[in-house]
Amino acid sequence: MSSEQTVSQEQETRLSILGMRCAGCIAAVETALQGVEGVESVNVNFADHSAVVMGSAEPNQMKSALKEAGYDAAVMEGLEDPADEERQEEQRYVSLMRKAGVAGALGIPLMLGAHLDWFPMMGTLQGTEFWTNVSLLTLAVLFYSGGHFFTGAIKLLKVRQANMDTLIALGTGSAWLYSSIVIDYSDRLPSLSTHAYFEASAIILAFINLGSALETRARGKTSAAIRALIGLQPRTARVVRDGQEVDIPIAEVGLGETLRVRPGEKIAVDGVLLEGHSTVDESMLTGESMPVEKVAGSNVAAGTINQNGSFLFAATRIGRDTALAQIIHSVRQAQSSKPALARLADQISAVFVPTVVAISVFTFFVWLIFGPSPSLAYAFVTSMTVLVIACPCALGLATPISVMVAVGRAAQMGVLIRKGEALQTAGKLTCLILDKTGTVTVGKPTLAHISAFEEYSEDQILQKAASLESGSEHPLAAAILAAAEERRLEMDKVRRFHAVAGHGITGRIDGKPWLFGNAALMAEHGIAIDHHHGQLAELAASGQTPMMLAVEKIVVGIVSVADPIKDDSAQAVKLARRRGLRVLMVTGDNEITAGAIAAQAGIDEIRAQVLPQDKAAVVRELQMQGEVVGMVGDGINDAPALAQADVGFAIGTGTDVAIESADVVLLQGSLLKVPEAMALSKLTVANIKQNLLGAFFYNTIGIPVAAGLLYPMFGILLNPMIAGAAMAMSSVTVVSNANRLRWIKLDEEQGGA
């Protein structure tokens, strides 16, 4: 009985967590939450600083457990606006920049003064007073600019882990402690060791805070995708109650209620049309640019936009059950399931930190037992300087500086990298999924073909069709009118204009009855179209929408409209295949149109009539097969798949929701930018590894010298100038190597791949 109760009480709780700063925090949060009774599973999303917890635990218990681990948390409910999360991210960015500025304001003058011999010597009365003040100032900087590193290191220590925070805290803390001791005991320490490292502590904190701030900004505002989706849903709905139309908050709409939708309004909830006729822009669901006609019995969805008619519909799904709410849930779920960024620097630190501490302890005892007199002084100096010289200034810069340069280089070529981790993944893609409308195709219907019969010219056919369409609000009318305007055709005056819903248009020009529409319109007026069946089928099979023009019971022309593929789509697909990628097209459109467009673009695999949530399912299916999946899309309907993919590429000319859900934005809308982004990804990952190797090399060389390896043979214990030069050189090397990315010619890399 108790097990049944537990199952019935199990629920999903979303927590917004304040205080998560690095990938290492994920383990601390998971450990804290898993220790709460009733928690079945925990899924932490570092991207938006949230956690999804399954189980029967009370939210207050979870919040208390997180508080003890050093994190604040709040329960997230419903379709809340995540603007608060964005504000917190912005505040974090500003805070980090201030911390970097404060540390730099102290560290830079100290560094210059030390090298130019501006300051009084240790051991003198003036020197003691001066360096004591510097020690206190540096301690204040450690608290203000480095406090979060120390608390982060302590949090990870609780779960027996180490990362960059641990190294930074150990290095800067040891540098300050050692330097402060040197002030009072410089006469008792070896002459080569009487050097203060206050400037090292401050400069290291300045650099690393700056890198963290820029990474925070570059990562982008992931919650903006959710906010944009929520913005699609109106706040109020017009319902019909007791014969009166009244506006009420959307949360008060009940199942089965009758709602009124006027021209230009967003549809509040999902439902079935009862009365009226209109066209509805459903691009947020299907990605298709052409609005869909709605008549009695048609389904309508929340968030879609009514265009020109007014109608009544009955609510069939409300609240979290609407199609829009399901898309929002899919985006959140995909973001939560994306693996946390495994930073190479943190991976190195996980091994490097315990090793450095062990070497420091070992060094202390070796000098204490075997060192010359005063052995305790030598032991202290060597063990502390091991920690000081191991402080990872270059190691901390290695990843963010390469990411920053690569992001700038990408922007120059029309690619906006919104999340730094995309640079580490894009080069590993094995499969590329392409949306159809607006991605492979232009996304805007244009005139594709004109056939003229009965001694009419193509211009005459287009001119008559455009004249009839000039009074129409049909979505295809714009394409025909644009083509007529381009050819500078003058419009005829149309009398007795009549739009037939779902069929076409009738009207009189120069006293003659003209019709322009589909086969149903022709059949309704008894016009024979048998001779044209073959051509109509051929045009439809090629992805075009054909319409017939008739006068006095005779078809005199066929005009077809299509959404053409982009000029470079076929070339981009060919290039992707040359790179060894599996290319699929996934679309909400029908099989015939999808097949026609895929054939033109050179794509063999297609999935047609796929709903938004099913697009994300296709991505998951391929990921389960072992594929590293890239998704390219431009519509709201692509948002769940873009979030689910290992790397989401949004077309920059697409919707804000798609852009906010993606990792990479192709500003110029060209698919050729995908292979370029992949090439840049490979180069950036290689650059980061080179930086880490270089930084690690300096640490590896410096630590034995700091430990006193050269003292028995050469009498070298620690020369502050050499230590300073090594630290400076490691940073210069890392920055110089990262800047090589600015001058890389991606076209050559692309062609060679």
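The values are calculated or read from the model by the stated rules, or taken from the named source; none is laboratory data. Every value quoted in this text rests on a predicted model; they were computed, and no experiment measured them. Glycine gets a Cβ as well: all are built from the backbone with ideal geometry, and neighbour counts include every protein chain shown. For the accessible areas, the whole protein counts, side chains as well, though only heavy atoms, and no ligand, DNA or RNA atoms are used. Shrake-Rupley method; radii C 1.70, N 1.55, O 1.52, S 1.80 Å.
Residues in the range 539-622 average 39 Å² of solvent-accessible surface per residue, probe 1.4 Å, ligands and nucleic acids excluded. Zone of Thr355 (label point 7 Å along Cα→Cβ, backbone N under 18 Å): which residues in the range 677-709? Under 18 Å, as judged by backbone N against the label point of Thr355, lie 689-709 of the range 677-709.
Cross-linked pairs Lys464/Lys615; Lys266/Lys615; Lys63/Lys689: Cα-Cα separations exceed 32 Å for Lys464/Lys615; Lys63/Lys689.
Peptides 96-102, 513-519, 291-297, 265-271, ordered by how many other C-beta atoms sit within 10 Å of their residues on average, highest first, read 265-271, 513-519, 96-102, 291-297. Proximity of backbone amide H atoms, modeled 1.01 Å from N, is registered between Thr236 and Ile250 at under 5 Å, excluding neighbours fewer than 5 places apart on the same chain. Between Val272 and Thr430, the simple spin-label model (points 7 angstrom out along Cα→Cβ) gives 4.6 nm. By accessible area, using a 1.4 Å probe on protein heavy atoms only, the range 595-644 has 49% of its surface on carbon and sulfur. Which residues' amide hydrogens lie under 5 Å from the amide hydrogen of Phe497, considering only partners 5 or more residues apart or on another chain, with H built in the peptide plane? The list, which skips near neighbours in sequence, is Arg508.
Amide H contacts under 5 Å for Val583: Leu432, restricted to partners 5 or more places along the chain or on a different chain, H placed in the peptide plane at 1.01 Å from N. Site pair Glu90 and Ser457 shows an inter-label distance of 5.9 nm when each label is modelled 7 Å from Cα along Cα→Cβ. Rounded to the nearest whole Hz, the Karplus-based 3J(HN,Hα) values (6.51 cos²θ - 1.76 cosθ + 1.60, θ = phi - 60°) of the range 483-494 follow the sequence 5, 5, 5, 4, 8, 6, 8, 7, 7, 7, 7, 10, with x at glycine and proline.
With a Förster radius of 30 Å applied to the beta-carbon distance between Tyr144 and Met121, the computed FRET efficiency rounds to 0.55. Converting phi to 3J(HN,Hα) with the Karplus coefficients 6.51, -1.76 and 1.60 and the offset θ = phi - 60°, the range 356-373 yields 4, 4, 5, 5, 4, 5, 4, 4, 4, 6, 4, 5, 5, 8, 10, x, x, 6 Hz in sequence order, with x at every glycine or proline. Rounded to whole numbers, the Karplus 3J(HN,Hα) couplings from phi for the range 563-579 are 9, x, 6, 5, 4, 9, 4, 4, 5, 5, 5, 4, 5, 4, 5, 4, 7 Hz, using 6.51 cos²θ - 1.76 cosθ + 1.60 with θ = phi - 60°, and x at Gly and Pro. Each label was represented as a point 7 Å from its Cα along the Cα-to-Cβ direction; for Arg495 and Lys158 these points are 8.6 nm apart. Distance from the C-alpha centroid of the range 512-589 to that of the range 128-156: 71 Å, rounded to the whole angstrom. In a fully extended conformation the segment linking Ala482 and Arg578 would gain 30.8 nm over its present Cα-Cα distance, using 0.36 nm per residue.
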